[in-house]
Amino acid sequence: MSAPRLRARKLDLKTGKVDLSHGAGGRAMAQLIGEIFAENFANDLLAQGNDQAVFSVPPGRLAMTTDGYVVSPLFFPGGNIGSLAVHGTVNDLAMAGARPLHLSASFILEEGFPLADLARIAESMGAAAREAGVKIVTGDTKVVERGKADGVFISTAGIGVVPDGLDLSGDKARPGDVILVSGTIGDHGVAIMSSRENLQFETQILSDSAALNGLVADMVAACGESLRLLRDPTRGGLAATLNEIARQSNIGVRIEEDALPVKPEVAAACELLGLDPLNVANEGKLIAFVAPEAAEKLLRVMREHPLGKDAAIIGACVDDPHHFVQMRTSFGGGRIVDWLSGEQLPRIC
Amino acid sequence: MKYVDEYRDGKLARGIAATIAREVRPDRPYRFMEFCGGHTHAIARYGLEDLLPENLRMIHGPGCPVCVLPVGRLNDAIKLARRPEVTLCTYADLMRVPGSDGMSLTKAKADGADIRMVYSTLDALRIAQEKPARQVVFFGIGFETTTPPSALAILQAKKLGLKNFSVFCNHVLTPAAIQAIVGAPEGASKVPLDGFVGPAHVSTVIGTRPYEHFAETYAKPVVIAGFEPLDVMQAILMLVRQVNDGRAMVENEYIRAVTQDGNLKAQETVAQVFELRDTFEWRGLGAVADSALRLRDAYAEFDAEKIFDVHTVAAQDNPACECGAILRGEKRPTDCKLFGTVCTPETPMGSCMVSSEGSCAAHWTYGRFRDSENRRAS
C-alpha cells in the first residue's frame, strides 16, 4: 500500500466553498494555503514554509505598518479587496518615504465563501505585490462560521526601509509650505458607492487603487530634502487628511476649490449621492507638503510619473492657532473644510 | 457638470454681488429669512456671506425637517423601534438627533432595536414585503416634498394588500410655519424681517400661490429660489429691489422647476391619503394650528399611531439649547452657549446641530472661521 498523498484531489476552484476544515489546521488547510496562497504569492521566503519569515534588512531606518480590510463589495470597478490590501499597506509605508520590502497577510474567511472568489483575490494580491516590488512572506488563515464574517476579511502588515537622511512626518509642515495632490480625488469612494447603489454613468468610475511607492521614489530622489511630509488621503478623504496635518503640525491650511482635480463623472456622482469629493476616500493618491521653493519642481516630477499625471498645487500652509482648513470656493466665498461627522460611506476599505 | 456648474459660476456670482452692493441703500438694514435648510446649507457651503454687503443679513428659517421635529415625537419613534415586532425605517439624518435622556435612534439601534436607514419609502415597502413577520414602520417626516412619496407608499401598500406596513406620520406644512413667523404677536421674540427667500423643492409641489397671502397681508416680499448658490444670490437681488421699490409680491426665480399651481398630481395624491391635524407641535414654533398632516381614517390600517396606540408626551429640550430661538430666527447659532463647546456635529445637543441643513451644523461645518476672525478683531 502506498503512503497517503497529501493532496488526493485538487481544490475545486470552480464550485468549491470554504468550509470549517479549511481553518482547522489539518490537511484541508494545508491544501488551501498551498493551492491558493503559496501558488499566487510565490516567493523564496514563503516557500520555506515556516511560521515566520527570517531575512536581513538593508541599512536605514525600518518603517512598519498594519491595516485591516473589510471593504464591501469585495470586488469593485478597478480592483478588489486583495489588490486593495496590498496597495493600502505599501502606500502606508511609502508615505514615510520608505522602500516597502515585505508584507504579511492574514485571512479571516467565512464558511461558504466561494473558493473561486478567494483564488481571484489571491491572484490580485500576488499581482499587486509583484508590481509594487514587495513579497508577501508570511500569513495566516482562519475560518469562521457562516454569518460571523462577511466573505473575507484581510489584515496585512508591512515593513520597509527609509533611506538615511529622510525624515517625513505629519508634524513637519510649517507656514508657507505648498500642498500638492497627486491626482483626481474621490475616485475610490465613488467607485465603491456606485457599484453598491448600481449607479450607471456614461463612463464607468474605476477605483484609483494603486501602489504609490514608485511615484514616491521619484519624488524623494528629486526633492527629498525639501519634502516635509506625504500622506495618502484614504478614509475621510482629503478633508480629513488636511485637518489631521493642520493639527499635528500646528498650522492652518488654505486651499482653492478651483485647483482641486476632480473627474467630472466623480463630481456628478457626488452631486447625486449628496457627497463632497473632499470627504470621499482615495486609494491611489497622495498629498505632499513641500518647501515653497521646491514646489514647481516637485509638481513637474510628479506629472512625469503615470500615477501623478494629474498632480496639482492645491494650496498652502498658514499660521493659524485654530488649525482651520479653509477653502476659497469656486463661487468666490470662503468656507471651512471640516472633518466628516458621522459615517459617509461604510466599509470602503 | 452640465446643468449644475452653470448655477455655481463664480464670475456670475461676483457680477450679482456687485449689483447687490450697488443697489442696497446704506441707510437701512435688509433682513431676509431663507426659509429652507437647503438654502441655509448653500449659503454656508459656498461662503455667500463673503459676497453680501454688511447691512444685508440672512436669517435662517425653520425649514429643516429634522430640526423642527419635537423631542416628544422622536421619543415616540424610539419607543416604536424598541418594540420587538417592529422594524423602523428612517432617513439617516434622524439617527443621531438626541431625544430625551440622551437616547437617540443610533443608540437604540446599538441596544438591539431593528432600525434600518432607507433612501426612500420604496425601500421600506420592499423590506415589508421581504419580511412578512415584521411590522415595518416608516418614520415619515418632512415638508411637502417628502409627503407625496409617503402617500404613494401607503397607496402601494394598500394595492399589495400588505398587513405589516405603516407610516408614523410627522409631515408638516410650509405655509403654516411661515404664518407662525410673520403672524407672531409683536414682542421680544418677533424677528423683524424684510422678506423671504421662498422654498425651492417644496414650491415645485405646492406652486407659488400659497405665498401670495404673506405678500399681501403682511407686506413681505417672497422670492422663490432654487438651492444652487446663484439662485440664492439672484433671489437676494430680487428681494433688495422689491424692498427698494416698496413692493411686496411673490416672485419666482426658480422658473425652471416651479409653476404657479405646482404639481397637481402630487397634491391630489397627498389629499387622498392625508388630512389636516388640528394642531401639531414644532420645535421652536410651539403648537401651530393646521400645520401638519395625519392619515385619513380610510387608511387607518397603515397608520402607525393607531396600530401602536401612540400618545405623544411633550418633552423638554435641553434647557441650555437655543434651537428653538434659532429656528424662529431670533438667535444666531453663536448666541447659544452650547455652540461649539459641548454641542458639535459629533456630539449634538440639539437638532440644529445634527442635520446638515440645520443652522448650527451649517455654521459650524462651513463658517466658524468667521467667528475667530471676529473674536480676534474685537
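Data for the structure
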| quantity | calculated |
| --- | --- |
| The range A:288-336: number of residues that are out of contact with any helix residue (DSSP H, G or I) (no Cβ under 6 Å at 6 or more places or on another chain), within 14 Å of chain B (Cβ to nearest Cβ) and closer than 22 Å to B:D9 by Cβ | 1 |
| Every residue from the range B:16-50 that is crowded, with 23+ Cβ neighbours inside 10 Å, among the hydrophobic types (A, V, I, L, M, F, W, C) and within 11 Å of chain A (Cβ to nearest Cβ) | B:A42, B:I43, B:A44, B:L48 |
| Any hit, the range B:326-343, residues being within 9 Å of chain A (Cβ to nearest Cβ) and either touching a strand residue (DSSP E or B) at 6+ places or on another chain (Cβ under 7 Å) or surrounded by fewer than 23 Cβ atoms within 10 Å (Cβ to Cβ) (or both) | no |
| Residue in the range B:351-362 that is within 14 Å of chain A (Cβ to nearest Cβ), surrounded by fewer than 24 Cβ atoms within 10 Å (Cβ to Cβ) and at pLDDT 90 or above present | no |
| Options A:L84, A:L13; residue that is farther than 22 Å from A:G214 by Cβ and either modelled with pLDDT under 95 or in the same structural domain as A:V144 (by TED's automatic domain parsing) (or both) | A:L13 |
| Matching residues, the range B:363-378, being in a helix (DSSP H, G or I), facing chain A (nearest Cβ under 9 Å) and either modelled with pLDDT under 90 or more than 13 Å from B:H41 (Cα to Cα) (or both) | B:F369, B:R370, B:S372 |
| The lone exception for A:D67 - which of (1) at pLDDT 95 or above; (2) of a type outside the set (S, T, Y); (3) touching a Leu at 6+ places or on another chain (Cβ under 8 Å); (4) surrounded by 13 or more Cβ atoms within 10 Å (Cβ to Cβ) it fails | (3) |
| Residues of the range A:54-64 classified as surrounded by 15 or more Cβ atoms within 10 Å (Cβ to Cβ) and either assigned by TED's automatic domain parsing to the domain that holds A:T234 or assigned to a loop (DSSP other than H, G, I, E, B) (or both), total | 1 |
| Inter-residue pairs, beta-carbon under 7 Å, first closer than 19 Å to A:E296 by Cβ and touching a residue at least 60 places away in the same chain (Cβ under 8 Å) and in the range A:306-332, second surrounded by 18 or more Cβ atoms within 10 Å (Cβ to Cβ) and charged (D, E, K, R), 6+ apart | A:G315/A:R254; A:A316/A:D177; A:A316/A:R254; A:C317/A:D177 |
| Residues satisfying the stated conditions in the range A:21-41, i.e. more than 25 Å from A:A210 (Cα to Cα) and surrounded by 13 or more Cβ atoms within 10 Å (Cβ to Cβ) | A:S21, A:H22, A:G23, A:R27, A:A28, A:M29, A:A30, A:Q31, A:L32, A:I33, A:G34, A:E35 |
| The range A:42-53, subset closer than 11 Å to A:S104 by Cα and of a type in the set (A, V, I, L, M, F, W, C), residue surrounded by the most Cβ atoms within 10 Å (Cβ to Cβ) | A:L46 |
| Checklist (1) within 13 Å of chain A (Cβ to nearest Cβ); (2) in contact (Cβ under 8 Å) with a residue 24 or more places away in the chain; (3) loosely packed, with under 14 Cβ neighbours inside 10 Å applied to B:A13, failing item | (3) |
| All positions within the range B:114-127 that are closer than 21 Å to B:S355 by Cβ and either among the hydrophobic types (A, V, I, L, M, F, W, C) or not assigned by TED's automatic domain parsing to the domain that holds B:T146 (or both) | B:I115, B:M117, B:V118, B:A124 |
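The rows are residues; the columns are (1) assigned to a loop (DSSP other than H, G, I, E, B); (2) outside the structural domain of B:Y3 (by TED's automatic domain parsing); (3) basic (K, R).
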site	(1), (2), (3)
B:V223	no, no, no
B:A248	yes, no, no
B:Q267	no, no, no
B:N318	yes, yes, no
B:E330	yes, yes, no
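The values are calculated or read from the model by the stated rules, or taken from the named source; none is laboratory data. As the structure is a prediction and not an experimental result, all values here were calculated from the model. We place every Cβ from the backbone using ideal geometry, glycine too, and count neighbours over all the protein chains shown.
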